[in-house]
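To keep things clear, I will list the structure first and then write my remarks on it.
The values are calculated or read from the model by the stated rules, or taken from the named source; none is laboratory data. Bear in mind the structure is a predicted one, so any value in this text is a computation, not a measurement. Virtual Cβ from ideal backbone geometry, glycine too; neighbours counted across all protein chains shown.
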Amino acid sequence: MAVLLTFISSHAVTASADQPNILMICVDDLNDWVGFLGGHPQAKTPNMDNLASKGVNFTNAHCTAPGCSPSRNALLFGVEPHKSGLYPFYNLNNVDAESLERFIPMPLLFRENGYETVGISKVWHNPDNKYRQKEQWDEYVMYGTGKKDKTLIKEKGYHPEPFNKRTIACPANNPLSDFGDYKAAQHAVRFLEKNHSRPFFLAVGFILPHTSFIMPEENWDRFLDPIAEPAIKANDLNDVPLVGQSNAQIYVEIPVRQDQAWEEIRRGYLASVNFTDDNVGRVLDALERSSYSDNTVVVLWSDHGYHLGEKRTFSKFSLWEEATRTPLIVYDPRNKSGNGQSCSEPIGLINIYRTLCELSGLKTPDYVDGISLVPWLREPKLPKERPALITWGRGNYSLRLNQWRYTRYFDGTEELYDHHQDPYEWNNLASRPEYMEMMQELASTWLPKQEAAQVSSGRELYNVADADQPDKMIKSYQRYVKRYKKAGLHPPLN
């Protein structure tokens, strides 16, 4: 602790009136099914689309890890999993202090530099929102998903039997005030309506479209037309290594396929995204009405993407495009050159820490990974050589470039996809000899040379086959493959 206090005092300055405010909007489980990324033709996200049209829309942005806990830990500490050892899910409150003492959480850095820091709902992964809460935040409030006994509308949507909170998708006829994300938005609105004597760092977390897909009826009823299926290849996993296959959650696919429920689940996802967009709009409208609109940097991100049947899987937890690609918008009203443009260069969320520090005039801690995105905010077409690096378990890494995705698992097996020719990642080119030299160069140049040992204290969820637990998920996956075949579901997985 003494080391950390010395570090903080050496980096603390008094915030000045001309420093920008920061509004960070953190969305859970949001993939490219938004208008500004064009991931689904029926997406309705006018408020986020408007923000993207005003700021810089990073169309090739990727999470640092495709799971809530490791992704948010990397972003808010500013450190890659292979350097922190925080590979799976954690309760940070139970992690030994020595493993975290050299990291300073982003909100704490801003607070120690004179900012008023306010956190609303899911910023860190739950229950990490309690981690050093009083130190990080001048004010923090958690609304969660809101009232637990929502009145579900049984006539609409998918109600799995037996009940499964992961796949239920339906509206509820409760008032808006029963929904946690609405409460979070209203809290942010009230904050922005107040007078503030110091610059502020306001982080607003929205939980939908995280499961359960339960939203107001109004949002559900905006999607009554048949829902278009995403592009899915029947035998997509045939050329994927077993370690990669084990990331596919076919245990969800089995009951959903049997109940013919995919359309309703996708409808629920789109409606949930739409409800989040409503709440984002409430916050942005309040900012626009306030006296802070000309000096507030807005950054909107999601912790990772999401599968809705692609690769025979549901949710996140993979190194494929649907799970790693995430929305990222940065709008700095002071930016006179780059706003209103898109950047297609590969961008990792690991870069947000350094970017916000530079935009705010704060000294970035020396240990922080990534680079500042300020050059790309000013010139979004600027070329970028370094790929985005995504980690899912120790030894499993994926590199996303402009054209290519290269993935290498802990056992040396590989995947390679040409996004110019194969945007859905259906054809693994890793076995083709003409690409061998390119893959070797990518691996030697950009994959980690050293890996931190996994932090063992405080682990809560460990659901990946990696160098530390090579068999666990593979054996589970193989059992579900047998069930999948026995159920007579097609296409077969091998």
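Do we find a residue being part of a loop (DSSP other than H, G, I, E, B) and at pLDDT 95 or above anywhere in segment 433-445? No, the conditions are met nowhere in segment 433-445. Looking for something among the acidic types (Asp, Glu) and under 30 Å from Asp422 (Cα atoms) - is there at least one such residue anywhere in segment 196-217? So far as segment 196-217 goes, no, none of its residues is among the acidic types (Asp, Glu) and under 30 Å from Asp422 (Cα atoms).
The helices (runs of 4 or more DSSP H) falling completely within segment 61-108 include none with 2 or more residues that are at pLDDT below 95, among the aliphatic types (A, V, I, L, M) and under 23 Å from Lys472 (Cα atoms).
Scanning segment 39-60 for residues that are part of a helix (DSSP H, G or I) and of a type outside the set (S, T, N, Q) returns Pro46, Met48, Asp49, Leu51, Ala52, Lys54. Exactly one residue out of Ala487, Ala430, Ala467 is within 27 Å of Lys83 (Cβ to Cβ), surrounded by 12 or more Cβ atoms within 10 Å (Cβ to Cβ) and either at pLDDT below 95 or over 25 Å from the mean Cα position of the chain (by Cα) (or both): that is Ala430. When Thr326 is tested against (1) more than 30 Å from Val240 (Cβ to Cβ); (2) under 17 Å from the mean Cα position of the chain (by Cα), only condition (1) is not met. Please tell me if Phe191 is over 24 Å from the mean Cα position of the chain (by Cα), assigned to a helix (DSSP H, G or I), surrounded by fewer than 23 Cβ atoms within 10 Å (Cβ to Cβ) and hydrophobic (A, V, I, L, M, F, W, C). Yes. For segment 436-460, the set of residues classified as surrounded by fewer than 13 Cβ atoms within 10 Å (Cβ to Cβ) and either among the charged types (D, E, K, R) or under 27 Å from Tyr251 (Cα atoms) (or both) consists of Glu437, Glu441, Lys449, listed by residue number. Filtered by the rule that a residue be surrounded by fewer than 22 Cβ atoms within 10 Å (Cβ to Cβ) and either without any contact (Cβ under 8 Å) to a residue 40 or more places away in the chain or among the hydrophobic types (A, V, I, L, M, F, W, C) (or both), segment 52-99 gives Phe89, Val95, Ala97, Glu98.
For segment 116-164, the set of residues classified as within 26 Å of His196 (Cα to Cα), in contact with a strand residue (DSSP E or B) (Cβ under 7 Å, 6 or more places away or on another chain), of a type outside the set (A, V, I, L, M, F, W, C) and assigned to a loop (DSSP other than H, G, I, E, B) consists of Ser121, Lys122, Asp138, listed by residue number.
Within segment 370-415, being surrounded by fewer than 23 Cβ atoms within 10 Å (Cβ to Cβ), on the phi < 0 side of the Ramachandran plot and either without any contact (Cβ under 8 Å) to a residue 24 or more places away in the chain or small (Gly, Ala, Ser) (or both) holds for Ile371, Ser372, Val374, Pro375, Glu385, Gln403.
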